[in-house]
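Q: Let me give you the structure first, and then I'll get to my questions.
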Amino acid sequence: MRVLLIIPAYNEEENILNTCNKIKEFSKELDFVVINDGSKDNTLKILQENSINHINLIKNLGIGGAVQTGYKYAYENGYDIAIQFDGDGQHDVNYVSNICKPIIEGKADMAIGTRYLDKSASSFQSTFMRRLGSKIICALIKITTKTKVTDPTSGFRAVNKDIIEVFANEYPSDYPEPESIVNITNLGYKIMDVPVSMNEREGGKSSINVWKSAHYMIKVSLAIIIDSLNKRRVK
Amino acid sequence: MSVNLTIAVAIIFVLMMLIIINKVRKGKLQLAYSIFWIISGIILIIVLLIPNCISNITNLLGFEVISNMIFFITIVMAFYLILQLMTELSKEAKRNVSLIQEISLLKKRVTDIENEKNKENKGE
């Protein structure tokens with residue numbers, strides 16, 4: 001089983017080296033690729049100087065386009081499992097084996113690391129507003145696809161070979177995390193939640209701003225409803 | 001419509017057609033995008049040349065005044081065109097993204113191969 005960590009990075013000079021070192025400490029056999037999404041800071045320099053395996057996007061694409069590049073790389077290189085992993089230190093590499101487990105056992109095609117399931121393990125449950133937003137998106141996904149997820153915006157997720165191919169060909173660009181859940185269920189694939197704990201950002205600034213949240217909620221709801229109108233295909 | 005006005009409108013549209021055709025000729029505008037304008041220009045000139053055509057159409061469609069009908073038709077056409085442009089733009093954006101992705105992936109591959117070669121050379 002060949003496993004690839006896809007690490008999208010935009011202006012992550014403070015965190016990226018730390019994240020990569022932690023992955024190397026965790027396992028020497030785990031492959032990872034950092035997608036530098038046209039960072040304006042020294043991210044690229046750090047990646048080159050430390051000879052970290054990376055793809056440098058020649059222009060900024062945004063999170064959806066960056067992650068899809070990772071899936072294309074995974075597809076071209078024949079990986080069996082691809083895991084999305086944030087470069088900002090929010091995700092804990094120790095949960096990689098947990099998140100791979102349902103996929104290796106064939107219980108699910110996609111596993112999503114959720115911070116809301118295991119309350120004792122989670123040191124960081126995020127703010128009230130974020131949790132509320134998550135709940136609303138969950139409810140929408142449940143209504144439109146009858147699939148239960150608990151952390152629809154989690155960027156910590158693992159997918160099997162079939163979905164790597166699906167994502168390499170077509171990946172939502174607007175709100176990739178919740179939208180891809182809807183698309184994947186529409187195609188008849190199975191999704192499973194895996195409890196993980198997430199850290200608060202170690203450095204840098206989160207790209208999500210409080211004032212943008214309301215705007216985000218409206219657009220993401222619309223995106224989910226429109227995506228769910230796509231034809232359902234049973235695998 | 002007065003004769004003077006009819007002549008003025010006809011001149012403006014003939015000029016517009018000439019500009020459009022010239023742009024296509026120079027390759028600045030794709031033929032596919034010009035067809036809409038050329039056909040609507042031709043229809044407009046025909047309508048202008050037939051006496052009482054516009055007022056008859058206005059009465060037939062139930063508009064009170066000619067200008068109302070013209071504004072209505074123009075706005076509907078403009079909306080259609082904007083939608084068409086946005087569709088075209090989305091398609092281009094998608095193509096652009098996959099181009100950037102493919103080039104970046106290729107660049108990575110080239111650098112990897114170069115690095116491997118350098119290592120081999122140093123090994124000798």
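Q: Would you calculate, for chain A, the mean residue ellipticity at 222 nm contributed by helices, counting each DSSP H stretch of 4 or more residues as -39,500 (n - 2.57) and dividing by all residues, to the nearest 500? Don't skip to the end; give the middle numbers.
A: Numbers: 8 runs with 96 residues, N = 235.
For chain A, the value works out to -12500 deg cm²/dmol.
Q: Aspartates and glutamates within cross-link reach of residue B:119: Cα-Cα under 19 Å, excluding same-chain residues under 8 positions apart?
A: The qualifying aspartates and glutamates are A:49.
Q: Filter the cross-link list A:40/A:135; A:40/A:212; A:161/B:108; A:146/B:94; A:28/B:108; A:142/A:190 down to pairs whose alpha-carbon distance in this structure exceeds 25 Å.
A: On the way: A:40/A:135 34 Å; A:40/A:212 22 Å; A:161/B:108 22 Å; A:146/B:94 30 Å; A:28/B:108 22 Å; A:142/A:190 14 Å.
In this structure, A:40/A:135; A:146/B:94 lie more than 25 Å apart at Cα.
Q: Using the reciprocal of the averaged 1/r over all distinct C-alpha pairs, how large is the Kirkwood radius of segment B:1-51 in Å?
A: Values: mean 1/r = 0.0865 Å⁻¹.
Hydrodynamic radius (Kirkwood, Cα pairs) of segment B:1-51 is 11.6 Å.
Q: Highest mean first, what order results for A:171-177, A:70-76 on Cβ atoms within 10 Å? Kindly include the intermediate steps, with their values, before the conclusion.
A: Details: A:171-177: 19.7, A:70-76: 22.1.
The densest-packed peptide leads the list: A:70-76, A:171-177.
Q: Further question on the same structure: For residue A:193, what residues show an amide H to amide H distance below 5 Å, using hydrogens built from the backbone and excluding near sequence neighbours?
A: For residue A:193, the qualifying residues are A:112.
Q: Then there is this: Using only the Cα atoms, what convex hull volume per residue in Å³ does chain A have? Write down the numbers at each step before the final one.
A: On the way: hull volume 28.4 nm³, N = 235.
In chain A, the Cα convex hull volume per residue is 121 Å³.
Q: What is the local net charge at residue A:8, summed over the other residues whose Cβ is closer than 11 Å to its Cβ (Lys, Arg +1; Asp, Glu -1)?
A: Numbers: positive: none; negative: A:12, A:37, A:86, A:88.
Around residue A:8, the charge tally is -4.
Q: Right, another one. Using all C-alpha to C-alpha distances in segment B:1-97, build P(r) with 10 Å bins and read off the rounded percent in each one.
A: Result, from short to long distances: 13, 36, 31, 15, 5, 0 percent.
Q: Below 13 angstrom from the Cβ of residue B:108, what's the summed charge of the other residues (Lys, Arg +1; Asp, Glu -1)? Each step should come with its number before you reach the end.
A: Values: positive: A:72, B:107, B:109; negative: A:76, B:102, B:112, B:114, B:116.
My count for the surroundings of residue B:108 gives -2.
Q: Along Cα→Cβ, 7 Å out, is where each label goes; now give me the distance between the ones at residue A:136 and residue A:117 in nm to one decimal.
A: 2.5 nm
Q: Averaged across the residues of B:93-105, what count of C-beta atoms belonging to other chains lies within 10 Å of each residue's C-beta?
A: On the way: counts 1, 3, 0, 3, 10, 5, 2, 8, 15, 2, 3, 15, 7.
Counting Cβ atoms of other protein chains within 10 Å of each residue's Cβ and averaging gives 6.
Q: Would you tell me the mean number of C-beta atoms belonging to other protein chains that fall within 10 Å of each C-beta in A:34-41, as a whole number? Provide the component values of the computation, followed by the final result.
A: Details: counts 0, 3, 1, 1, 2, 0, 0, 0.
Across the residues of A:34-41, the mean count of other-chain Cβ atoms within 10 Å is 1.
Q: What is the distance in Å between the Cα centroid of segment A:148-187 and that of segment A:77-92?
A: Segment A:148-187 and segment A:77-92 have Cα centres spaced 13 Å from each other.
Q: Let me ask something additional. Could you work out the mean count of beta carbons from other protein chains within 10 Å of each residue's beta carbon in A:215-228? All intermediate terms of the calculation are to be shown ahead of the outcome.
A: Details: counts 0, 0, 0, 0, 0, 0, 0, 0, 0, 0, 0, 0, 0, 0.
Taking all residues of A:215-228 together, the mean is 0.
Q: Also, quick follow-up: Can you return the aspartates and glutamates within cross-link range of residue A:45? Criterion is Cα-Cα under 17 Å, with same-chain partners fewer than 8 residues away left out.
A: Once the sequence-local aspartates and glutamates are set aside, what remains near residue A:45 is A:12, A:13, A:14, A:37, A:88, B:112.
None of the figures in this text is laboratory data; all of them are computed from the coordinates on show. All figures in this text were calculated on a predicted structure; none of them were measured in a lab. When we count neighbours, we look across all protein chains shown, and the Cβ atoms used for this are built from the backbone with ideal geometry, even at glycine.
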